[in-house]
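Colleague: Below you will find the structure I want to go over with you.
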Amino acid sequence: MGEPVVEVHQLCKRYGERTVVDHVDLEIAEGEIVGLLGSNGAGKTTTVECISGLRRPDAGSVRVLGLDPQVDGSTLRTLVGSQLQDSALPDRLRVAEAIELFRDPRIQGSRAAVDGLLVAFGLAEHRRRAFSALSGGQRQRLFLVLALLNRPRLVILDELTQGLDPAARRDVWDAIRSLRDGGTTVLLVTHYMDEAEALCDRVAVMHGGRVLDVGTPARLVDRHAPWATVRFDMTAGGVPIDCLRAVEGVSYVRQAGAQVEVRGDRQMIAHLCCALVRGGEVPADLSVVMPDLEEAVIALLAGSDERALEPTGGAR
Amino acid sequence: MSAIVKLVRTELRLVLREPLVLAFVFAFPIITVLVIAGSFGADDAHSFANVDPSQWYVASYLAVVIAAVGLVMVPVHLAGYRERGVLRRFAAAGFPRWSFAAAELIVGVTLTLVASVVLLLVASAAYGLPPIDSPVTTVAGVVLGAVAFTSVGLLLGALMPNARAAQGVGLLAFFPSFLLGGGGPPPDAMSSTLRHVANVLPLTHVTRAIRQPWLGLGSGMGDLAVVGAVLVVSAFGWRRAIRL
């Protein structure tokens, strides 16, 4: 893992009496794609705004490429590319004018790189089109082009693929992967779990202003959704349901007609298959469904809410 | 190229594409000055400090341009940008927070000067250009008035929650200022109550700071000082109030 590009330590941000970011720690290494997930109001955007230098932290520290965004904003300008949620360009600004406005002419070969970006994102033929005349997908692609214009070392993307059709989302995913391949670090804020699972090396799950857990998508799934579901059709007179319930690791069994659904921990899969074969039942349609990141995050958030509702030791 | 130069160049392009700007800053003052300056004859000069009414209005209407930019164009523009997240985008791209306000100030003053020249060209073709008694003080009045009112516009734009509110408040401030502060009847034709109201309007002082030295009716220095105070107060206000 490379040097840290982003170091957030005990970050706190309050709006009046409301604490929206509560002692957040986050470290992003060079070349990583890190996803920030969580429900609305979890504090993701505020965290990103502090990292971008748009908001001043009330406590804690933020370092980006070793610099303080509040102090070294002008230095970081060309090193960080941002695409922020709920931001726009002036309606009458044309694509080419936006690029000229945000491009740093000091960067060698940037004009050629811009042409390449416009072609890659399907905007080359829209250079003279005003921002207001672009479709939602074209706007998002323009934001991505603007974020990448100056060959930044860190790219911050907040809800980048919101409102894009599936094909456009896949195009943007490919672009983000190629960024990582080029060594760019990416901080991705998203509501789409499939997006985080497909793109992110690590994911931080936020809730109520705090980071609940950080890890690779697979590790988060293992930690917070350690179950599996097995489905198959049972022949008449096959293994009795009570026998399946008794299999080690099974937490519940449900039968609807011939279809049987068994859920339990991961070892349950092997024990269940053994029990079925021993009982003379070898279903041809047996399928195993493993939980995905979405289930893990939902479980993590639900667990967090339950913990929040539990009485404290002193109250007992 | 510095952030400010880039922003100014872009913003100048954009405001000239805005129908509201073209209508309110360029067309409105020209149409109204052509109408009102021709509405009075030389016999009415006694109500105009014994100046030919057309000359009185030509010298007064630069203040209308200044008010249109400061009370309508700038607040609507700034509040709209903040409402739609344009300011956030500029800030996220590394433009210093103050750079947009500074660019708007330059754009507002530039636009005022350009629109004033256009107004004078049209008005002089129709009514002739009154000779300027004190050119330096007159130009100082125009420039300081333009800076002060653009600054007032930035304050309004910073305080208003969205473009619609900025437009409502801006128009509410503009029309009484326009009618009582320079574009409407002369002070001698007003009731004493309206004259008192006019005297507290910042635009009245801008108008006087331009008209008095232009037509040789006075130095206008007292009014210039008031305009300077408006600039200081409003600049202090928007520096504190401006947000993303």
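Every read-out reported here was derived from the displayed coordinates using simple, explicitly stated rules and does not represent laboratory data. The shown structure was predicted, so the numbers you read here are calculated from the model rather than taken from an experiment. Heads up, the Cβs are rebuilt from the backbone with ideal geometry, glycines too, and the neighbour counts pull from every protein chain shown.
Colleague: Among rounded, prolate and oblate, which fits the protein assembly as shown when a ≥ b ≥ c are the square roots of the eigenvalues of its C-alpha gyration tensor, a/c under 1.5 means rounded, and a/b larger than b/c means prolate?
Modeller: Details: a/c = 3.05, a/b = 2.79, b/c = 1.09.
Cα axes put the protein assembly as shown in the prolate bin.
Colleague: If you don't mind, another one. Using Cα pairs closer than 8 Å and at least 6 residues apart in sequence, work out the relative contact order for segment B:2-241, in percent. Display every interim value, and only then the final one.
Modeller: Working: 356 pairs, mean separation 67.5, N = 240.
Value for segment B:2-241: 28 percent.
Colleague: Treating segment A:1-134 as a set of equal point scatterers at the Cα positions, no solvent, please give the Debye-formula log₁₀ I(q)/I(0) at q = 0.12, 0.20, 0.21, 0.22 Å⁻¹.
Modeller: The calculated log intensity ratios at q = 0.12, 0.20, 0.21, 0.22 Å⁻¹ are -0.62, -1.20, -1.24, -1.28.
Colleague: Pulled fully out, how much extra length does the chain show between residue A:265 and residue A:292, if you take 0.36 nm times their separation in residues and subtract their Cα-Cα distance? Display every interim value, and only then the final one.
Modeller: Numbers: separation 27, 0.36 × 27 = 9.72 nm, distance 1.44 nm.
Gain on extension, residue A:265 to residue A:292, equals 8.3 nm.
Colleague: Amide H of residue A:207: which non-local residues (sequence gap of 5 or more, or other chain) have their own amide H closer than 5 Å, using H built in the peptide plane?
Modeller: Those lying under 5 Å, H to H, from residue A:207 are A:212.
Colleague: Pairs of Cα atoms under 8 Å, at least six residues apart: use those to get the relative contact order of segment A:92-137, whole percent.
Modeller: Numbers: 23 pairs, mean separation 29.3, N = 46.
It rounds to 64 percent for segment A:92-137.
Colleague: Determine by what factor the alpha-carbon radius of gyration of segment B:2-241 differs from 2.2 N^0.38 Å, reporting the quotient. If you can, show how the numbers build up before the last one.
Modeller: Details: Rg = 17.7 Å, N = 240, 2.2 N^0.38 = 17.7 Å.
Output field value: 1.00.
Colleague: Sort A:295-303, B:51-59 by packing, meaning the average of other beta carbons within 10 Å per residue, with the highest value first. Working shown, then result.
Modeller: Details: A:295-303: 18.4, B:51-59: 23.1.
Going by the mean number of other Cβ atoms within 10 Å, highest first, we get B:51-59, A:295-303.
Colleague: Here is a follow-up. Against the longest principal axis of chain A, how steep is helix A:110-120, in degrees 0 to 90 to the nearest 10, with axes from Cα atoms?
Modeller: It works out to around 40 degrees.
Colleague: Would you tell me the mean number of C-beta atoms belonging to other protein chains that fall within 10 Å of each C-beta in B:74-81, as a whole number? Don't jump to the answer; show the numbers that get you there.
Modeller: On the way: counts 0, 0, 0, 1, 0, 0, 2, 3.
Mean inter-chain Cβ contacts per residue within 10 Å come to 1.
Colleague: Compute the FRET efficiency between residue A:17 and residue B:102 as 1/(1 + (r/R0)^6), taking r as their Cβ-Cβ distance and R0 = 41 Å, and round to the nearest 0.05. Before the final figure, lay out the partial values.
Modeller: Values: r = 34 Å, r/R0 = 0.83.
Plugging the Cβ-Cβ distance into 1/(1 + (r/R0)^6) gives 0.75.
Colleague: Let me check against my output: what whole-number percent is the relative contact order of chain A, with C-alpha pairs under 8 Å and at least 6 apart? Write out the running numbers ahead of the final one.
Modeller: Details: 564 pairs, mean separation 59.8, N = 316.
For chain A, the relative contact order is 19 percent.
Colleague: What 222 nm value per residue comes from the helices of the protein assembly as shown, counting each DSSP H run with n ≥ 4 as -39,500 (n - 2.57) and dividing by all residues, nearest 500 deg cm²/dmol? Please list the in-between numbers first.
Modeller: Values: 23 runs with 283 residues, N = 560.
So the calculated ellipticity at 222 nm is -16000 deg cm²/dmol.
Colleague: Further, regarding this structure: Apply the Karplus parameterisation 6.51 cos²θ - 1.76 cosθ + 1.60, with θ equal to phi minus 60°, to every residue of segment B:22-31 and state each ³J(HN,Hα) to the nearest whole Hz, in sequence, with x for glycine and proline.
Modeller: Couplings: 4, 6, 7, 8, 9, 6, 4, x, 5, 4 Hz.
Colleague: Mind putting a number on the dipole of chain A about its Cα centre? Charges go on the C-beta only, +1 for Lys and Arg and -1 for Asp and Glu, and I need it in Debye to the nearest 20.
Modeller: Working: 36 positive and 44 negative charges, 178 e Å.
That gives chain A a dipole magnitude of about 860 debye.
Colleague: May I ask you to evaluate 6.51 cos²θ - 1.76 cosθ + 1.60, the Karplus curve with θ = phi - 60°, for each residue of segment A:87-93 and list the ³J(HN,Hα) values in order in whole Hz, giving x for glycine and proline?
Modeller: Ordered by residue, 3J(HN,Hα) equals 10, 8, 10, x, 3, 8, 6 Hz.
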